[in-house]
Amino acid sequence: QVSLKLGCGNLKLPVLTQRKNFAPLALSWMSPSSAAGFEGVSDRSDLQDFSVCSSDSFWAAVARQRLSWIRPFHTVQDCDLSQGRIRWFEGGKLNVSVNCLDRHVHTCPERVAVIWERDEPKSEVKLSYRQLLEMTCRLGNLLRRRGVKKGDCVTIYMPPCPLAVASMLACARIGAAHNVVFAGFSADALAERIRDAQSSTVITVNQGVRGGKVIELKKTVDAAIQSCPTVQQVFVAMRTENPVVMTAKDVAMEEEMAKEDTVCEPAGMDSEDTLFLLYTSGSTGKPKGLVHTQAGYLLYAALTHRYVFSYHDGDVFSCVADIGWITGHSYSVYGPLANGGTTVLFESTPIYPDPGRYWEMVQRLKINQFYGAPTAIRLLLKYGDKWVHKYDRSTLKTLGSVGEPINTEAWEWYHRVVGQGRCPVVDTWWQTETGGICIAPRPADPDAEIVPGMAMRPFFGIKPVLMDTEGKVVTSNDTSGALCIAQPWPGMARTIHNDPQRFTETYCQPYPGYFFTGDGAYRSKEGYYQITGRLDDVINVSGHRIGTAEIEDVLCSAVAESAVIGFSHSIKGQGIYAFVVLKKSIDVQEADVTRQINDMASKKIAKYACPDYIQFAQRLPKTRSGKIMRRVLRKVVDSELEGLGDLSTLDDPEVVQEIIQGHHDLL
Ligand code: WTA
């Protein structure tokens, strides 16, 4: 049995966790059309209006119905977006792991909770709710025994696997917050996140395996914690059979888990206690640790998972995002498990061992909903239809897209070739900050029109608005503007860890009283939304969000000056283009600097942060006050020389010609 490789496969049968406080909630899922008896609501479009206009009544009802509470909440919400105050379901107590596990174990213990699609093809491992609860409880007990307390923050540096999910849920069980760091991040990036989260415990695996390659994750952790004085222990699970050097801080995870009891008392958590931190990129060089809390986040992940994808009991749901991103948190773990669903954890790549991987998996695991990123769809499209046609996709019902705009060609291919023209494609717009999907088609609606490449409609309780350049709400249709959300919703991030002021400044102050998303959007004549891209210096490379300032920070030690911008890339969505000015004082070769830049970008951030193009320049276009005019650089790279705009504030307009020439020479 393959599951033995993760140590927990051969443990003795678990005892059901029985706590009288946690009687299972009858899962009387609200039928969308009956709309749970809300007054004046007779169909889904009424319900949409109701959810926005009577937001408190809507959220109170769904929160009571869909979550198991230890103690009911007394206040639905206490929010003031202009102050950055966001609180939901105060007075309520619950435990997220009980909501994701125990209540399903009571009703259907043998239902498959997780299918782990390992990198090695055709070697999937299935875990029932009973087994996942057992794993979580053992780990919860182990964490407790080793001193992890309520309110601590545990950093998890693991690829998608059952023990990673159990680690997240074990933290939730004992009231610790988790901080999952994408296992593609470098030691420096990991260290920065561990330090900011002040974790004393890190959970990792000996080695990762991806696309047939072994990745030395434990070694990366060893390197990272050199600069993390808070770290006292590192739990190491065995993903491969290769032993790794264990230090005094290391704990052999499966061995220690085997000694633990399979019952673990869940901590009663306040609705607004932190569930997790998740670091993401912003406009400055420093990543921000967004804080998500217990009840509101879980409720929102569960509701969106069910309705956006039309998830029904018994369906097999597959979100192929890594658990290190918010998409993996909400739609590989929390949403599906809160709904008692079966979720696929994908450890591999879309082209390993060949470009048929996704569809072979769909056939073998009988996947009903498939949720992926446009960058992968664009890549697979290039390999041709034969890789798709080879496999039976008749189980598929809904196809989802996330992370970046999906171009019409990719959308059409996904719909026509992958979905055989019969599965709705839901282009879902949301962010780490929003906790769950905010704008997406709702295929189950009676008037379920979907326009290719458009995110379409707001989800229940979401009121999007567009702002003009003067900061006023645009009321007409067929216009574009800065995308804001006009009222709070339970899934939104609460603050930035260690930097509440940055949260208010970034999201609440640009348009006082509104949540500013950082994205631009177009609203069509029919009132449908299309996301047009970031308005700030954040770019999206293969669905990985990264701040241009983060890359510039890395480059600054190798060069005198740099300006990094995103450009349109046919597969990755956006690529990275770096303009650099060499240090004058030293004699260096451009090739050496290129190598150095690539090394540093992968060392300090991750491989995907390496520039696609590096243009060496004598100087950069600057205003008289010394600010780099990025607009000019963007236009040059996009070959929009007509639209360079007003150059009169440039210190020396001649620079522009040099830059244009340099760009020309580079291509
Ligand atoms: C972009 C990922 C267009 C957007 C869930 C957003 C999208 C950022 C879409 C968040 C979409 C996400 N269409 N753009 N369907 N989905 N984005 O935090 O710019 O990693 O602000 O969350 O990705 O990226 P994040």
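The values are calculated or read from the model by the stated rules, or taken from the named source; none is laboratory data. Not measured: the values here are computed from a predicted model. Cβ placement follows ideal geometry from the backbone for every residue including glycine, while neighbour counts extend to all protein chains displayed. Note: accessible area is taken over every heavy atom of the protein model, side chains too, but ligands, DNA and RNA are not part of it. Shrake-Rupley method; radii C 1.70, N 1.55, O 1.52, S 1.80 Å.
Just in the stretch 525-586: which trypsin sites (Lys or Arg not before Pro) are loop by DSSP and have at most 16 other Cβ atoms within 10 Å? It would help to have the intermediate numbers written out before the result.
Numbers: sites: K525, R534, R545, K572, K583, K584; in loops: K525, K572, K583, K584.
Passing both the DSSP loop test and the Cβ count: K525, K583, K584.
Using R₀ = 35 Å, calculate the FRET efficiency as 1/(1 + (r/R₀)^6) where r is the Cβ-Cβ separation of E412 and D468; round to 0.05. Please report the intermediate quantities before stating the final value.
Values: r = 32 Å, r/R0 = 0.93.
Working from the Cβ atoms, E equals 0.60.
Heavy atoms of the protein only, probe of 1.4 Å, neighbouring chains included. What is the accessible area of T469 in Å², nearest 10?
The accessible area comes out at roughly 150 Å².
Starting at the first residue of the stretch 277-292, write each ³J(HN,Hα) from the Karplus equation 6.51 cos²θ - 1.76 cosθ + 1.60 with θ = phi - 60°, in whole Hz, x for Gly and Pro.
Once θ is set to phi - 60°, the couplings for the stretch 277-292 become 10, 9, 7, 9, 8, x, 7, 9, x, 9, x, 10, x, 6, 9, 10 Hz.
Starting from the amide H of A183, placed 1.01 Å from N in the peptide plane, find each other amide H under 5 Å away whose residue is 5 or more places distant or on another chain.
Correct list: M158, G324.
Please work out how much length the chain gains when fully extended from I351 to E590, using 0.36 nm per residue of separation minus the C-alpha to C-alpha distance, in nm with one decimal.
Working: separation 239, 0.36 × 239 = 86.04 nm, distance 3.35 nm.
Roughly 82.7 nm would be gained on extension.
So how much slack lies between A486 and S283, counting 0.36 nm per residue of separation and subtracting their Cα-Cα distance, in nm?
Values: separation 203, 0.36 × 203 = 73.08 nm, distance 2.25 nm.
Full-extension gain reported as 70.8 nm.
Determine the gain in length on full extension of the stretch N598-D78; use 0.36 nm per residue of separation and subtract their C-alpha separation, reporting nm with one decimal.
Details: separation 520, 0.36 × 520 = 187.20 nm, distance 4.71 nm.
Gain on extension, N598 to D78, equals 182.5 nm.
Could you calculate the FRET efficiency of S45 with S639 from 1/(1 + (r/R0)^6), where r is the beta carbon distance between them and R0 is 45 Å, rounded to 0.05?
Working: r = 44 Å, r/R0 = 0.98.
Efficiency for this residue pair is about 0.55.
Quick one: what are the phi-derived ³J(HN,Hα) couplings along the stretch 467-479, Karplus 6.51/-1.76/1.60 with θ = phi - 60°, whole Hz, x for glycine and proline?
In residue order, the calculated couplings are 10, 8, 5, 8, x, 9, 5, 8, 9, 7, 9, 6, 9 Hz.
What ³J(HN,Hα) values, in whole Hz, does the Karplus curve 6.51 cos²θ - 1.76 cosθ + 1.60 give for the stretch 194-204 when θ = phi - 60°, with x put for Gly and Pro?
Using θ = phi - 60°, the values come out as 5, 5, 5, 7, 6, 6, 9, 10, 10, 10, 8 Hz.
Which distance in nm do the two modelled labels at T230 and K583 give, with both placed 7 Å along the Cα-to-Cβ direction?
The two pseudo-label positions are separated by 3.3 nm.
So how far apart, in nm, are the two label points at H569 and R502 if each is 7 Å from Cα heading toward Cβ?
Calculated label separation equals 2.4 nm.
Between A448 and S524, what is the label-to-label distance in nm when each label sits 7 Å out along the Cα-to-Cβ direction?
The two pseudo-label positions are separated by 1.7 nm.
So, taking all protein chains as they sit and a 1.4 Å probe, how much accessible area belongs to D152, in Å² rounded to tens?
50 Å²
Provide S57, S123 ordered by accessible surface of protein heavy atoms (probe 1.4 Å), highest first.
Working: S57 65, S123 20 Å².
Correct descending sequence by accessible area is S57, S123.
Give me the percent of the accessible area of the chain that comes from carbon and sulfur atoms, probe 1.4 Å, all protein chains in place.
50 percent
Quick one: if the Förster radius is 22 Å, what FRET efficiency do K213 and K149 give, using the C-beta to C-beta distance and rounding to 0.05?
Details: r = 38 Å, r/R0 = 1.70.
The calculated FRET efficiency here is 0.05.
Please state the relative contact order of the chain as a whole percent: Cα pairs under 8 Å, 6+ residues apart? Write down the numbers at each step before the final one.
Numbers: 1470 pairs, mean separation 78.7, N = 667.
Relative contact order here is 12 percent.
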